[in-house]
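Only the coordinates and a few stated rules stand behind these numbers; no lab work does. Keep in mind that what you see is a predicted model, and the values were worked out from it rather than measured. FYI the Cβ positions are ideal-geometry reconstructions off the backbone, even for glycines, and counts take in every protein chain you see.
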Amino acid sequence: MASERDLRILEAISDGCSSPQEIADRLDLKIEAVLSAAESLAESGLISVDKKVIERFSLTEEGRRYAREGLPERRLIDIIGDGKPLSELQDPALKIAIGWARKKGWVRIDKGVLRPLGRPAEGEDEIALRMLLDGEKTRSEIGSAVDLLIKRGLVTSSRSKSWRYGITDEGKRVLSQIGEHAAPATEISQLTPEIIKSGAWRGARFRPYNVRVPGETIYPGKIHPYRRLMDRMRRIMLEMGFTEIKGEIIQSSFWNFDALFQPQDHPAREMQDTFYLNTKAEIPDYRAVKEMHERGGGIGSTGWGGVWDPEIARQEVLRTHTTAITIKYLADNPEPPVKAFCIDRVYRREAIDATHTPEFEQLEGVVMDRGVTFSNLLGILKEFYSKMGFEEVRFRPGYFPYTEPSVEPEVWIDGLGWVELGGAGVFRREVTAPFGIEHPVLAWGLGVSRLAMLRLGLKDLRLLYQPDIGWLRDTPVSVFRGV
């Protein structure tokens, strides 16, 4: 038998209220109560329910920019004119444009020259972008080109449910019989001590509950998955006895490059790889670093030769690695023991795609003490990765400019095999000697975002930085053993 509330909802549907929100507004009920009651009425055959899931598409920030300015491959056509040598197209953003232009058959490469194949007509993806600039659209409105735009990270989708109710012949029959019977007894939805003491429950009708009706989904507040991962790393390092250090985002080339014995003509210093600022920084006494670069500093090294220029070292950059922070900390603290780590953001000129961003996080650790060895380094790394939940760890010989010997730690991931997660080694004497550091320095670094992709099962790195509420709600609170 339908409850009093159910009958009121049935009457509202009979009067033409077809959506949950309309019924809730009319009867001053919560929409969740309406949905629950309607489910029960539908099971009893008193109403019909038409439930639909509507998917709508909208532009991301990058997609909105391209909708206004044009896709990179379209702008490329304007740039190359009748043809342009590839050597003149060094901007990282143009590499993506060239790839898409070739995939669409808009250009060809002829003896190192990129040439257009006519003036391409406006594509379905460009039309879809332009339409979405006016607001959200459904798939039927913009067509299948939206799938390609989603893969490129230019469009995002959201889904919403809608319900439409209608009264059945059985529902009409039940309503017609209501006036032929006495008013229903008082309905009790919750039994309280007062009702029991007063005896009001005698003769009353208790409202039935359908335990099969799904409850309201609750999304509790929680820390962002990426932030939880970094907090986990920080706790592990502190538990292992490390001290956390911080440093400025803007660094001189001296600390970012020269102090690490990186030659001043190294390709990594080119503007294609590094964000340079138009400002100069004060640098410390550089005589020992200059001597090391030019002649080897009297430690048996040959140095790089040439002339080391302090003006190049004063050029300010957005730090390209957190090693700039750890080497400065070591220079300020040259006496053992030192056991420090830094987890922070770094910046490099990268074309944005599913696995690259111009900003990302790095975790760096250093240990400097009497008698520490390469074996100690491997033990520290194995302990760290074990605490991160990786049961199988191995080390492969590697090369890095400022460490020798060097290794690349790898962990076993089911379904992927061995995956490299960082680099490590012992600082070269060319790095430590100019700052009066006499004892071995063990150093290692880890790309945090790569580990996050593995742990969170992501295929697109950009999701870590986008406000995708659906993904944030669906990601479990813990993806680590012991968290």
Label assignment, Cα Rg over 2.2 N^0.38 Å derived from the structure, set (i) 0.94; (ii) 1.42; (iii) 2.33: (ii)
Ranking of ILE31, ILE325, ILE167, ILE223 by count of other Cβ atoms within 10 Å, fewest first: ILE223, ILE31, ILE167, ILE325
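How would you order 276-288, 400-412 from highest to lowest mean count of nearby Cβ atoms within 10 Å?
The packing order, highest mean first, is 400-412, 276-288.
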Alpha-carbon radius of gyration plus Dmax, which is the widest Cα pair, for region 225-474 in Å: 18.5, 60
Cα-derived Rg over Rh, computed across region 58-158 with Rh taken as Kirkwood radius: 1.01
Neighbour-count order for SER36, SER3, fewest beta carbons within 10 angstrom listed first: SER3, SER36
Greater than 24 Å apart at Cα, pairs in LYS95/LYS137; LYS103/LYS151; LYS84/LYS104: LYS95/LYS137
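Using just the helices of the chain, give the 222 nm mean residue ellipticity in deg cm²/dmol: DSSP H runs with n ≥ 4 each add -39,500 (n - 2.57), and the total is spread over all residues, rounded to 500. Walk me through the numbers on the way to the answer.
Working: 20 runs with 174 residues, N = 483.
Taking each H run of at least 4 residues, the total per residue is -10000 deg cm²/dmol.
Just want the ordering: CYS342, CYS17, from fewest to most Cβ atoms lying within 10 Å of their own Cβ.
Least to most surrounded, the residues fall as CYS17, CYS342.
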Point-charge dipole on Cβ atoms (K/R +1, D/E -1) for the chain, about Cα centre, debye to 20: 580 debye
Spin-label model distance (nm) - HIS266 vs ARG234, 7 Å beyond Cα toward Cβ: 2.9 nm
Cα centre as origin, Lys/Arg/Asp/Glu Cβ charges: region 225-474 dipole, Debye: 440 debye
FRET efficiency, 1/(1 + (r/R0)^6) with R0 41 Å, evaluated for ASN278 and ARG370 via beta carbons: 0.40
In order through region 134-147: 3J(HN,Hα) via Karplus (6.51 cos²θ - 1.76 cosθ + 1.60), integer Hz, x for Gly, Pro: 7, x, 4, 9, 8, 4, 5, 7, 10, x, 6, 4, 5, 5
Dimensions in Å of region 381-440 - Rg and Dmax from alpha carbons: 14.3, 47
For peptides 354-363, 242-251, sequence by mean Cβ density within 10 Å, most packed first: 354-363, 242-251
